[in-house]
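Have a look at this one before I ask anything.
The values are calculated or read from the model by the stated rules, or taken from the named source; none is laboratory data. Not measured: the values here are computed from a predicted model. With ideal geometry, Cβ positions are generated from the backbone for all residues, glycine too; neighbour counts draw on all protein chains shown.
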Amino acid sequence: MPIRHPQKQPVFVPPHPSHQVYRKIAYSFLALTVIVVIGALWLSSVRARITVNVKKDVTTVDAVVDVAKTPDQGQLRGRVVQGTFEKVQEFTVQGSGSAEVVGTVEGTVKIINNYSQSQTLVQKTRLLTADNRLYRIDKTITIPSKGTVLVTAHADQDGAQYVLPSGVHLTIPGLWIDLQKWIYAETVTPFAGEMTSVKTASDQELADAYTAIQNALTDQAKKALDAEAAVGDGWKAIYSTAVVDKKNNITAGQKADTYLASEKLTVTAVYFSEKDIDALLRQKLTEKLPDGRGLIDFNASQATYVIESSNVKNETARLRITANASSRLTEKSPQLAKSNFLGLSDTDALKKLQATDGVESVDIRIRPSWIHTIPTNASHVEMVVQ
């Protein structure tokens, strides 16, 4: 029986793609590559600048500092010296003064005789006012019955209290009591004397005199104590004064042209290095600041220094120092770290910064301007704190 070979099946061979298909694929890859490159270029070109204006706050430190010639741990090196100083000074009473009568007061009187007989009055006959001020006539006179005589009279003592106006009634106490109602005197001209300007010292004037002496003594003491301490440049001195004694030779309201006043002071001086105190105060102020805040505009010379106690023998002293300094957020503040805002929209970043304590205003600028998202690459973000 003849062998039959199986019939071969036809093999399907796909047609080769045309050159047009390859071209489309190549163009697609090229377009994708361009898109990727453009995207990469875009991402690398986005930049953001965040400008933060911060508020200035005042930080205060109230510290006690010990100063010693040979300091222990925690003390400042310094000097303590003391001296007693005294000064006597003459002062002129200030002010224009007030007008006063000095010397003997005199004027003209009219002696009236309503009696039926004439009356003779001898020189220095007394005339008396109702309030017992005494005057005397200057010469002997005779007043006729029902008549009058003018005569000069003067006060029995000196002083402004004897000034009289015209028309004042005066009795003649040397006459018999029943005659006094018939024979009497009346001032015709005012009684006046020589006028002069009299000054009186006031409480304020005496206080000002002591202040002037104390200022002069303090200046003298500073020069003397500075020379004794011999600390040189770069050292600061704090002085305290205590009044030991003060006196004058006049009282308030007393009349005088000049007077003497004196004062005695004990002055204590404490010296220390300006560099050391500046570093110490900066340290204490910085310790009070929250993280991320820094000192600005600090000047140790503007601090307030008070000597609380001192020991001149051991050259030690305790100072109380009050210092103020402005502080603000800085670029190192954790709240202002760029990482807090990477990838946020400009709106969200703005809200987050404005909610930060110590921030006054914020300005966010992104390039290109049509982008509204902070770059995720920190190197493309600039944070400016001012």
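Of the residues in segment 342-362, how many are under 16 Å from residue 53 (Cβ atoms) and outside any helix (DSSP H, G or I)?
Residues that pass the stated criteria total 8.
What about residue 280, is it in contact (Cβ under 8 Å) with a residue 40 or more places away in the chain, in contact with a Phe, Trp or Tyr (Cβ under 7 Å, 6 or more places away or on another chain) and surrounded by 17 or more Cβ atoms within 10 Å (Cβ to Cβ)?
Judged against the criteria, residue 280 is not a match.
Among the residues of segment 224-253, which ones are modelled with pLDDT under 95, within 28 Å of the chain's Cα centre (by Cα) and of a type in the set (S, T, N, Q)?
none
Please list, ordered by first then second residue, the pairs with beta carbon atoms under 6 Å, 6 or more apart or interchain, first in segment 230-252 and part of a strand (DSSP E or B), second among the charged types (D, E, K, R) and crowded, with 17+ Cβ neighbours inside 10 Å.
Pairs found: 244/264; 245/264; 246/263.
Another question, then. Which condition from (1) of a type outside the set (Asp, Glu); (2) under 15 Å from residue 112 (Cα atoms); (3) in contact with a helix residue (DSSP H, G or I) (Cβ under 9 Å, 6 or more places away or on another chain) is the one that residue 191 breaks?
(2)
Do you know which residues across segment 328-341 are part of a loop (DSSP other than H, G, I, E, B) and of a type in the set (D, E, K, R)?
Listed by number, the residues that qualify are 331, 332.
Cβ-Cβ below 6 Å, separation at least six or inter-chain, first residue in segment 347-358 and buried (at least 16 other Cβ atoms within 10 Å of the Cβ), second small (Gly, Ala, Ser): which pairs?
Taking only residues 6 or more apart or on different chains, not a single pair turns up.
Moving on. List pairs: first residue in segment 314-342 and on the phi > 0 side of the Ramachandran plot, second residue part of a helix (DSSP H, G or I) and surrounded by fewer than 20 Cβ atoms within 10 Å (Cβ to Cβ) anywhere in the structure, Cβ distance under 7 angstrom, at least six positions apart or on different chains.
Filtered contacts from segment 314-342: no entries.
From the list 161, 123, which one is loosely packed, with under 13 Cβ neighbours inside 10 Å, closer than 30 Å to residue 181 by Cβ and modelled with pLDDT under 95?
Just a single option satisfies the conditions, and that option is 161.
Do we have residue 81 as touching a Leu at 6+ places or on another chain (Cβ under 8 Å), closer than 30 Å to residue 358 by Cβ and in the same structural domain as residue 230 (by TED's automatic domain parsing) here?
no
Answer yes if at least one residue in segment 258-273 is among the polar types (S, T, N, Q), exposed (fewer than 14 other Cβ atoms within 10 Å of the Cβ) and either free of Cβ contacts under 8 Å to residues at least 12 places away in the same chain or closer than 23 Å to residue 91 by Cβ (or both), and no otherwise.
Within segment 258-273, one or more residues are among the polar types (S, T, N, Q), exposed (fewer than 14 other Cβ atoms within 10 Å of the Cβ) and either free of Cβ contacts under 8 Å to residues at least 12 places away in the same chain or closer than 23 Å to residue 91 by Cβ (or both).
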